1. Per DSSP H run of n ≥ 4, the term is -39500 (n - 2.57); total these for the chain, divide by its residue number, and report the mean residue ellipticity at 222 nm rounded to 500 deg cm²/dmol.
2. Around T295, which amide H atoms from residues at least 5 apart in sequence, or from another chain, sit under 5 Å from its own amide H, with H modelled in the peptide plane?
3. Given the protein chains as shown and a 1.4 Å probe, how many square angstrom of R197 are accessible, to the nearest 10?
4. How far is the Cα center of the range 244-269 from the Cα center of the range 280-324, in Å?
5. Kirkwood Rh over alpha-carbon pairs of the range 67-155, then Stokes-Einstein at 20 °C and 1.002 mPa s: what D in µm² s⁻¹, rounded to an integer?
6. Long-range amide H contacts for L123: which residues qualify at under 5 Å (H placed 1.01 Å from N, peptide plane, sequence gap of 5 or more or a different chain)?
7. Considering only protein heavy atoms and a 1.4 Å probe, what is the carbon-and-sulfur percentage of the accessible area of the range 68-225?
8. Excluding same-chain residues fewer than 8 positions from K150, which aspartates and glutamates have a Cα within less than 15 Å of its Cα?
Amino acid sequence: MDKKNRKVHRRALTAVRAVAVTLCTLLILGGLQRLVVPKYMGDVPEGSMTGEYYLEMADPKTAQHDVIILGDCEVYENISTETLWEEYGIRSYIRGNPKQTMWQSYGLLQETLKYETPKVVILSVFAMQFDAPQSEIYNRMMLDSMRWSKEKVETIRASMTEKESFLSYVFPVLRYHERWNQLTEEDFTYFFQRPNRTIHGYLPHYGVKAAKEWPQVPIGDENFGQQAYEYLDKIRLLCEENGITLILIKAPSLYPTWYEGYEEQIEEYARSYELSYYNYLEMAEDIGIDYSTDTYDGGLHLNDEGAKKLARAIGQMLMEKAEVTDQRDESKEQ
């Protein structure tokens with residue numbers, strides 16, 4: 001081999017080694033990052049809910065939903081998707097997370113439309129009272145398991161609190177590096193994959209704790225903010241563009257208080273754009289909700305029995321008012 005060829009050969013070997021070192025470094029860092037990121041398989045299953053949707057969509061038997069439900073714990077703890085299927089044949093999925101804001105619901109809806117186009121989107125209006133980023137903890141629970149996309153980038157930017165950095169979402173190890181001394185068996189057991197903790201996005205609770213008196217805290221201005229309205233408009237327009245029926249709801253949760261001013265604004269918005277709006281808090285007695293037996297935490301959320309009752313009311317409404325049909329016979333044929 002002449003001198004010139006030896007130089008080319010050495011350069012090629014150097015390049016190959018550099019690539020190999022870079023790949024090994026990235027693999028090690030990726031593995032360390034995956035290890036230290038919380039798995040949420042213990043007492044806080046809510047942190048795994050965004051990621052569960054992708055597992056559902058990977059299965060042809062569950063990869064199409066007639067109804068997508070968006071919101072926070074007012075939907076994912078209060079509406080039994082199991083009941084919607086078993087009693088009405090409605091395929092539904094709840095894309096919800098703790099303290100989910102309107103811009104986060106919008107980001108999840110954008111992403112959902114890459115996988116499927118439902119006939120109906122049900123949106124909880126409870127989050128309209130929030131007009132600014134709320135909490136890094138809840139942001140992380142929703143966003144860390146969201147797949148990378150333009151929608152994720154936009155949702156991160158809209159959700160970040162002042163102390164957060166975008167780079168820590170790109171490299172979560174920067175946020176969780178101090179978890180080294182907090183690692184448990186759970187972090188190793190669920191290193192590669194986490195099983196579903198919900199039933200099509202519904203997180204059931206089976207305890208009973210009768211409702212109590214909750215304080216009505218004065219809040220001053222009851223007007224919803226500009227950003228909340230902006231993203232409500234975006235959700236509405238996105239549904240219109242895709243031929244999706246948008247339905248607004250308020251769940252029958254006693255606290256935090258749903259003020260009269262909130263109700264008036266949602267009613268006015270629904271009238272202005274000819275949207276259906278159902279306040280199940282006002283309709284709780286009519287649909288059979290008993291706050292002495294149908295809540296597990298004193299009236300903040302429904303237990304499984306209460307969630308079944310709300311699902312029956314929603315199922316009946318969907319069958320009567322929306323273009324949703326019973327899919328159970330079709331499912332048997334498949």
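The values are calculated or read from the model by the stated rules, or taken from the named source; none is laboratory data. All of these numbers come straight from a predicted model, not from anything done at the bench. Ligands, DNA and RNA are excluded from the accessible area calculation, which covers all protein heavy atoms including side chains. Shrake-Rupley method; radii C 1.70, N 1.55, O 1.52, S 1.80 Å.
1. Per the formula, -14000 deg cm²/dmol.
2. The list, which skips near neighbours in sequence, is K209, N303.
3. 80 Å²
4. That distance is 15 Å.
5. 158 µm²/s
6. Here L70, I247, L248, I249 satisfy the definition.
7. The value for the range 68-225 is 52 percent carbon and sulfur by accessible area.
8. Partners within reach: E111.
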